[in-house]
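Report on the structure given below.
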């Protein structure tokens, strides 16, 4: 098979992959996440690749028009990629019309000027043919081209800075997403550099193939690291700092988020759990409890496992929390070890107190007592001395003595000093 046929086939496959990503992203445009932005990135790259094919298969007289269109698609692709990354990393949440117009003034002017020779962007393009494909053998550049190119490379470096901050602030999920975004940027940039320094023949434009690899990186970020289905990295960093162990599964029961606490309980790292099915990655009591919690009905709200889970000598309540109206679940393991110890101690103290109270006997009600001898009549009509009656019914013991008044009455011969 001829090399140009292989080249065009590879480019067409890249276009198909980009269009598939654009269609998939657009179909989810009403879901949380910047799906519209990803659709714009994929569509702009696909249009760039289409223009590359059109130029390669055009005659010399039409190749200049195709080159201008390709250069315009280049600028659109770079700008949409930058805006997607800026929004995904939290650096550009809203695009106001005036700010967008000022931001895009230079690239728009440069790309519009590329449609006319000598307008300050592209001029004196000379085309040639090799392997049956048309390519530009030489071209002149004006000041607007240089400024526009510098602008686009500045976007690349700023985007890399945004991604670096995103990965540094976040946990394992941010590192996976950041890697996919870095590949999305650097692969086309590297391909462009290889073409500019003539490492590969100009007839074979590597940018369409690089866009295909970028599409694969975005697919990997979406399906392996749930790039647009997760909350911002700031929230993830907070979740990582919590003492509760937290794991999030989507509707397919695949793990889309996990904090360091749960990964530690599982005896592994978050990277080894992300993007894998819950039913196959966790074993033992922990895995059994999480799978049971993921399958519990949640209506009308969160569900709590009936029995606590014991892991590494600690006790955990296992709770499943719905994610909006979706089938996704957030599984939370709350450490109740200290609370359980306190409750056990409280139960022990209460038991001891109840036992002590059980030993205390009291007398209540109306007691029939003799006005003369002070004996008390029981329920059967028998009369008992006061101290015997109380002793038998309360367990109290008596010691006998004599008060001063009785001593004076019964022993009048003893003087007060001796009585004292």
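Computed from the coordinates by the stated procedures, all read-outs in this text should not be read as laboratory data. Only a predicted model underlies this, so the values are computations on that prediction, with no experimental measurement involved. Virtual Cβ from ideal backbone geometry, glycine too; neighbours counted across all protein chains shown.
A compact table of results
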| read-out | value |
| --- | --- |
| Filtered residues of the range 122-161 (kept if surrounded by fewer than 14 Cβ atoms within 10 Å (Cβ to Cβ) and either assigned to a strand (DSSP E or B) or more than 48 Å from the chain's Cα centre (by Cα) (or both)) | 124, 126, 130, 132, 137, 138, 140 |
| Condition broken by residue 68, with the remaining ones in (1) in contact (Cβ under 8 Å) with a residue 60 or more places away in the chain; (2) part of a helix (DSSP H, G or I); (3) over 19 Å from residue 216 (Cβ atoms) satisfied | (1) |
| Conditions (1) farther than 22 Å from residue 227 by Cβ; (2) crowded, with 16+ Cβ neighbours inside 10 Å; (3) out of contact with any helix residue (DSSP H, G or I) (no Cβ under 7 Å at 6 or more places or on another chain): number failed by residue 306 | (2) |
